[in-house]
1. Could you grab me the full set of residues in the stretch 1-25 that are in a loop (DSSP other than H, G, I, E, B) and aliphatic (A, V, I, L, M)?
2. Does the stretch 70-83 include one or more residues that are part of a helix (DSSP H, G or I), touching a helix residue (DSSP H, G or I) at 6+ places or on another chain (Cβ under 7 Å) and among the acidic types (Asp, Glu)?
3. Could we say that Asn48 is of a type outside the set (Phe, Trp, Tyr), under 15 Å from Ser12 (Cα atoms), surrounded by 13 or more Cβ atoms within 10 Å (Cβ to Cβ) and without any contact (Cβ under 8 Å) to a residue 40 or more places away in the chain here?
4. Which one is most open to solvent (accessible area, probe 1.4 Å), of the residues in the stretch 69-85 that are out of contact with any Pro (no Cβ under 8 Å at 6 or more places or on another chain) and aliphatic (A, V, I, L, M)?
5. Quick check on Ala57: is it open to solvent by less than 60 Å² (accessible area, probe 1.4 Å), in contact with a Lys or Arg (Cβ under 8 Å, 6 or more places away or on another chain) and within 27 Å of Asp14 (Cα to Cα)?
6. For the stretch 9-25, give me each residue that is touching a residue at least 12 places away in the same chain (Cβ under 8 Å) and open to solvent by less than 50 Å² (accessible area, probe 1.4 Å).
7. How many of the residues in the stretch 84-103 are of a type in the set (Phe, Trp, Tyr) and part of a helix (DSSP H, G or I)?
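The values are calculated or read from the model by the stated rules, or taken from the named source; none is laboratory data. Note that the coordinates shown come from a computational prediction; the quantities given were computed from them, not determined experimentally. Glycine also receives a Cβ, built like all others from the backbone with ideal geometry; neighbour counts cover every protein chain displayed. Accessible surface is based on the protein model in full, side chains and every heavy atom, while ligands, DNA and RNA are left aside. Shrake-Rupley method; radii C 1.70, N 1.55, O 1.52, S 1.80 Å.
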Amino acid sequence: MTVDVHVYTGVSIDTACSLGMCAERNAIANMLTHGESKIARVVAVMPNGKPGSPCGACREYLMQLDEHSSEIEILLDIETMTTTTLGEIVPAWWGEERFLENN
């Protein structure tokens, strides 16, 4: 869900040779196609149907989208509504300086 409260979904494309794409990146591509880049919340649905944490590649992709990406809320457990932020699961991110250079 974007900060403008639009929901984008994606499908996981699991192929050989790393040519596939996670559902998160698929949804992000759809969001970018529609002119948005600021994400408020993410739900990554695991193969068992429960929410979980995005994979490492998706975490990195999310971090690079916007200087405030560390604030993205991620749902970890639907029953208890447990959440975390992207910044909590990507500590000491290497790329913060790239946003400082643009300001």
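1. Hits for the stretch 1-25 are Met1, Val3, Val5, Val7, Val11, Leu19.
2. Scanning the stretch 70-83 turns up at least one residue that is part of a helix (DSSP H, G or I), touching a helix residue (DSSP H, G or I) at 6+ places or on another chain (Cβ under 7 Å) and among the acidic types (Asp, Glu).
3. So Asn48 fails the test.
4. Out of the qualifying residues, it is Met81.
5. The answer is yes for Ala57.
6. Gly10, Cys22, Ala23, Glu24, listed by residue number.
7. 1
Condition check ((1) surrounded by fewer than 14 Cβ atoms within 10 Å (Cβ to Cβ); (2) in a loop (DSSP other than H, G, I, E, B); (3) among the aromatic types (Phe, Trp, Tyr)) across all residues:
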{"position": "Ala27", "(1), (2), (3)": "no, no, no"}
{"position": "Met31", "(1), (2), (3)": "no, no, no"}
{"position": "Tyr61", "(1), (2), (3)": "no, no, yes"}
{"position": "Gln64", "(1), (2), (3)": "yes, no, no"}
{"position": "Glu67", "(1), (2), (3)": "no, yes, no"}
